[in-house]
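Data block below; observations after.
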Amino acid sequence: MSNYSKQTNWAQFIPLVTVFFFWGFVAASNDILIPVFQKAFNLSQTESMLVQICFYVAYTVGSLIYMLVSKSLKQDLINKIGYKNGLIVGLLISALGTLLFYPAANMHSFPLMISGLFIVGLGFSLQQIVANPLAIEVGPTETGSQRLTMAGGINNLGTTIGPLIVAFAIFGSASAANTEASIESVKIPYLILGAAFALVALMLKFSSLPAVTPTNTENTDDTTPGEHRTSAFQYPQLVMGMIAIFVYVGVEVSTASNLPAYMEKNLGFETKDVAPYISLYWASMMIGRWTGAVEAFDVNAGFKKILRFLAPYLAFCLFLFVNAIANHDLSPFYVYGFIIIAMIICDILSKGNPARMLLIFSLAGITALVIGMFTTGMVSVYAFTSVGLFCSTLWPCIFALAINGLGKHTNQGSGYLIMMIMGGGIVSFIQGYIADITNIHFSYIVGVICFAYLAFYAIRVSGILKAQGIDLDKVSKGNGH
């Protein structure tokens, strides 16, 4: 893909990354909606997970619609309408979804509420298809990964503050006496969000973002000598990688989605007091990604070692700062600074090898979940929230390993991996069902199984890629979704 600018065009990049913020904001805010809907509509834990089912399956449905439309046009849809228009259409679709919250709240309709979330997710699927390559296109190729890493940081900022803002909009300040939320209180935050979608779409319309998609001029030959495969499905690293993306997004989302119910039913928390811990879980993703992003900086090895310790604590300080603004008590969170050390050690041990990192972080995730399952009180809460630390770098590891060696089938393989984001909804639903027939504490066994597959994939894919003559130490990791 050719770049039309020798330097990053910040006037284009800054409005673009707002969509990355929206993805994180809405995804993490769903974890606040789940307990609110559960009480308002008298839902079981399984039924409440329909929130995540509708939102994450929308990514798959949106991708399938995109593929069908492209096939009917006999050309890629984005190649026809352009980057800018594709992004604008995606934002407007999401804005339409938020409008459903108003009649849904007035009619006290759960199906209409989750239908709104589904439409928001449909819009996000189109935005995902457009925004990632566009972030690379607004500057030179050699710094494209740095821009995507920065965009991922903006995404995690959204996941960190989203639960706090939505909880404030629904319940009021942390010191307020209100502990219950009427379903009508949900509509205003999401109508404001819809207006923000529309406003950004308008900004993009008059921005200098490229209207026409550049032609991809990369070599389309298979990279592995002697390989002439006709489909991406003929590569085992991709097929197994699709399952890996499914269970990775699943454990990432389900761990947070079931945390509010655990803290309320097992530990006696009020719904409004859970928001800081949901924020901490998603901030853990930011902490881990900021640590992983150190490799993107062109600095000497000594300074990189310093940054490995400095970056995660800067992210942690940002979490403390936004919670201080929200008037939450920070004293329960200071101990988390010691837990972050475990993630830093795992990052150092991985030595930048994506397969090794996937294995080490997956084993650490299993350890965190097992500790959470066999302890109670705040120890279990910190163990469950620390899963965010160990999920933080897994998407880029899996993505890089799954598409490596696909040659001309790389774009096709990438599309299949994006479709597997639906695991976020389906695995959450499965864990909710296990919680209903056993208990929430035990239901985290679902996450253990997910991490176990990821550890297996890390070992198996290493052998597959080595057999194809690929040096894993030279595999460049991608970027978080």
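Of the two radii for region 356-481, the radius of gyration is 1.03 times the Kirkwood radius, both from the alpha carbons; that is the Rg over Rh value. Pairwise Cα distances in the chain exceed 28 Å in 50 percent of cases. Rounded to the nearest 0.05, the FRET efficiency derived from the C-beta distance between CYS317 and LEU349 at R0 = 30 Å is 0.75. Taking the protein heavy atoms of the chain in the context of the full set of protein chains, the accessible area attributed to carbon and sulfur is 67 percent at 1.4 Å.
For region 1-109, the dipole from Cβ point charges (+1 on Lys and Arg, -1 on Asp and Glu) about the Cα centre works out to 420 debye, to the nearest 20. Across region 331-336, computed HN-Hα scalar couplings (Karplus, 6.51 cos²θ - 1.76 cosθ + 1.60, θ = phi - 60°) run 4, x, 9, 4, 5, 5 Hz from first to last residue, x flagging Gly and Pro. Taking a ≥ b ≥ c as the square roots of the Cα gyration tensor eigenvalues, region 9-141 comes out prolate, since a/c reaches at least 1.5 and a/b is larger than b/c.
Express the Stokes-Einstein translational diffusion coefficient of region 243-331 in µm² s⁻¹, to the nearest whole number, given a Kirkwood radius over alpha-carbon pairs, 20 °C and a viscosity of 1.002 mPa s. So the translational diffusion coefficient is about 142 µm²/s.
The values are calculated or read from the model by the stated rules, or taken from the named source; none is laboratory data. Bear in mind that the values here come from a model prediction, so they are computed numbers and not experimental data. With ideal geometry, Cβ positions are generated from the backbone for all residues, glycine too; neighbour counts draw on all protein chains shown. Quick note on the areas: whole protein, heavy atoms, side chains included, nothing else; ligands and nucleic acids left out. Shrake-Rupley method; radii C 1.70, N 1.55, O 1.52, S 1.80 Å.
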